[in-house]
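The values are calculated or read from the model by the stated rules, or taken from the named source; none is laboratory data. Model, not experiment: these values are computed from the prediction. Note that we place each Cβ from the backbone using ideal geometry, even for glycine, and neighbour counts take in every protein chain shown.
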Amino acid sequence: MMKVSGLFLASTMGVVISVVTLCLQYKHLLSALLSLEALTLSLFVLLIGVSGGFNFEGQMCLILITMGACEASLGLAILVSLIRTHGNDYVHSFNFHKC
């Protein structure tokens, strides 16, 4: 039988909970961005837990944390631009037909 570590189980549960939270966030864009950030951090912990025995752990962790920082900065930039144009961050007030 395969031995499963507690870090792997905790990070997998974090990914599942983050995806469920993302699916249930329909009111504020900031809440959706926070659940995306939690998903990125859970994937980072999952990568550390899975690649513990491999040689490229450092490079993959660096790549994932860089992508997470880029995702967070782009999400906040989009949030600021939407608040400037629409006045709030309610998802239902966005009109996608103007694009």
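Which residue, of 7, 22, 46, is under 18 Å from residue 75 (Cα atoms) and either in contact with a Pro (Cβ under 9 Å, 6 or more places away or on another chain) or part of a helix (DSSP H, G or I) (or both)? Show your work before the answer.
Values: 7 fails: under 18 Å from residue 75 (Cα atoms); 46 fails: under 18 Å from residue 75 (Cα atoms).
Every option except 22 fails the conditions.
Residues in region 26-36 that are surrounded by 17 or more Cβ atoms within 10 Å (Cβ to Cβ) and free of Cβ contacts under 8 Å to residues at least 60 places away in the same chain: 5 in all. Apart from one condition, residue 39 fits all of (1) over 11 Å from the mean Cα position of the chain (by Cα); (2) surrounded by 15 or more Cβ atoms within 10 Å (Cβ to Cβ); (3) modelled with pLDDT of 80 or more; the exception is (1).
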